[in-house]
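What follows is a short report on a single structure.
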Amino acid sequence: MSEINILGIETSCDETAAAVVVNGREVRSNIISSQIALHTLYGGVVPEIASRKHVEKINQVISAALSEASMTFDDIDAIAVTYGPGLVGALLVGVSAAKAISFARGIDLVGVHHIEGHISANYIEDKELEPPFICLVASGGHSHLVKVADYGVYEILGRTRDDAAGEAFDKVARAIGLGYPGGPKIDAVAKEGNPEAIPFPRASFKDNDYDFSFSGLKSAVLNYLNQCEMKGEEIVRADVAASFQAAVVDVLVGHTIHAVKESGLNKVALAGGVASNSCLRETMKNACEENGFSFYRPSPILCTDNAAMIAAAGYYEYMKGVRSDLTLNAIPNLKLGER
């Protein structure tokens, strides 16, 4: 099999990233320029600042990715770029860079859905994984339960009806004084707390067993904190963090295992930034072992936004004959499965 070299570009939020991946699975480079320190000053991502920083970094990151892979543009078969969903200004930087290179160098262009990229991170981590399988996608902006029927073929079984899991982590972390980014900070503090200390609610829906809701849980945490303050009771941050995290993880794992049983499949994968949460990874692993399911999860660096996953997803689209032209545009609310 000849080698197909894909240059991936990712700028959907606050990471400027570029990577070179061979045949969809072998990472030759994966360069990430993070803006976390910058946005921490504001307690969250500021879209305008993110866009400007992408403009500053994009050429450097692409050059570094090619250099680390010991390649030039002459070695690249296609450029895969995230074109949605995400912050529109941020997306435009990556899309514009990819289109410029494609036009100037005559290299094929492939637009990639950001969530498809997260799912495809599993192909990099586990070289033997092939569809079909059930994938839980949990990130700052998305909570999806997806049946991956084939490469690039998805059926959304469930989605969040309000806050995404990662969004809830950020808001609760801010409420208990941990700051931004909330996910890693709650994960760390929760290790010191009692996950059964506070009985926070777990939401479910009669009309769709697979849908998620975390706004009620977030409100329950805020109400608990307010009540403690009004009564003059001590707030044990570690217990709040652990109890909140347990409620989120219980719902994510419970819905996923239920979906796998109903689907008749026996493979479970995690994807997205929240997939790097240690409690979620351990709880899902144990649940899969109890049920005899195979469990797949990317390394934490491949769970958060990166370009290797975009290149991997782009490879499978490229091999199916998908090509984008120079009218490719950023679509901030792009739905999975749309093109």
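The values are calculated or read from the model by the stated rules, or taken from the named source; none is laboratory data. Just so you know, these numbers come straight off a predicted model, no measurement behind them. Note: ideal-geometry Cβ built from the backbone for every residue, glycine included; neighbour counts use all protein chains shown.
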>> Whether any residue in the range 228-237 is in the same structural domain as residue 168 (by TED's automatic domain parsing), over 14 Å from residue 297 (Cβ atoms), aliphatic (A, V, I, L, M) and surrounded by fewer than 17 Cβ atoms within 10 Å (Cβ to Cβ) is what I want to check.
In response: yes
> Of everything in the range 14-28 that's more than 11 Å from residue 306 (Cβ to Cβ) and at pLDDT 95 or above, which residue is surrounded by the most Cβ atoms within 10 Å (Cβ to Cβ)?
Replying inline: 20
>> I'd like the full set of residues that are surrounded by 15 or more Cβ atoms within 10 Å (Cβ to Cβ) and over 14 Å from residue 12 (Cβ atoms), limited to the range 330-339.
In response: none
> Does residue 102 qualify as being farther than 30 Å from residue 259 by Cα, hydroxyl-bearing (Ser, Thr, Tyr), in a loop (DSSP other than H, G, I, E, B) and in contact with a strand residue (DSSP E or B) (Cβ under 8 Å, 6 or more places away or on another chain)?
Replying inline: no
>> For the range 210-233, which positions are under 20 Å from the mean Cα position of the chain (by Cα) and not in a helix (DSSP H, G or I)?
In response: 210, 211, 212, 213, 214
> In the range 74-98, what residues are part of a helix (DSSP H, G or I) and crowded, with 21+ Cβ neighbours inside 10 Å?
Replying inline: 90, 91, 93, 94, 95, 97, 98
> Name the pairs whose Cβ atoms lie under 6 Å apart, with the first residue in the range 41-53 and in contact (Cβ under 8 Å) with a residue 60 or more places away in the chain, the second assigned to a loop (DSSP other than H, G, I, E, B), and 6 or more positions between them or separate chains?
Replying inline: 43/180; 44/180
> Does residue 63 meet the test of being of a type in the set (Ser, Thr, Tyr), closer than 22 Å to residue 309 by Cα, without any contact (Cβ under 8 Å) to a residue 40 or more places away in the chain and touching a strand residue (DSSP E or B) at 6+ places or on another chain (Cβ under 9 Å)?
Replying inline: yes
> Is it true that some residue in the range 186-195 is in contact (Cβ under 8 Å) with a residue 24 or more places away in the chain and under 16 Å from the mean Cα position of the chain (by Cα)?
Replying inline: no
>> Here is a check on your reading of the model: is residue 2 at pLDDT below 95 and either surrounded by fewer than 18 Cβ atoms within 10 Å (Cβ to Cβ) or farther than 15 Å from residue 82 by Cα (or both)?
In response: yes
>> Taking the condition of being over 19 Å from residue 204 (Cα atoms) and free of Cβ contacts under 8 Å to residues at least 40 places away in the same chain, how many residues in the range 242-280 meet it?
In response: 2
> In this structure, does residue 82 turn out to be touching a helix residue (DSSP H, G or I) at 6+ places or on another chain (Cβ under 8 Å), without any contact (Cβ under 8 Å) to a residue 40 or more places away in the chain and among the β-branched types (Val, Ile, Thr)?
Replying inline: no
> Could you list, in sequence order, the residues of the range 309-330 that are more than 28 Å from residue 263 (Cβ to Cβ) and among the small types (Gly, Ala, Ser)?
Replying inline: 311, 321, 324, 330
> Consider residue 48 against the criteria (1) part of a helix (DSSP H, G or I); (2) within 22 Å of residue 316 (Cα to Cα): it satisfies all of them except one. Which criterion is unmet?
Replying inline: (2)
>> Restricting to the range 281-334, name every residue that is touching a residue at least 40 places away in the same chain (Cβ under 8 Å), among the charged types (D, E, K, R) and over 26 Å from residue 184 (Cβ atoms).
In response: 317, 320, 323, 325
> Taking residue 163, is it in contact (Cβ under 8 Å) with a residue 60 or more places away in the chain, of a type in the set (Asp, Glu) and under 30 Å from residue 288 (Cβ atoms)?
Replying inline: no
>> Of everything in the range 155-198, what is under 30 Å from residue 23 (Cβ atoms) and either surrounded by 20 or more Cβ atoms within 10 Å (Cβ to Cβ) or modelled with pLDDT under 90 (or both)? Give them in sequence order.
In response: 157
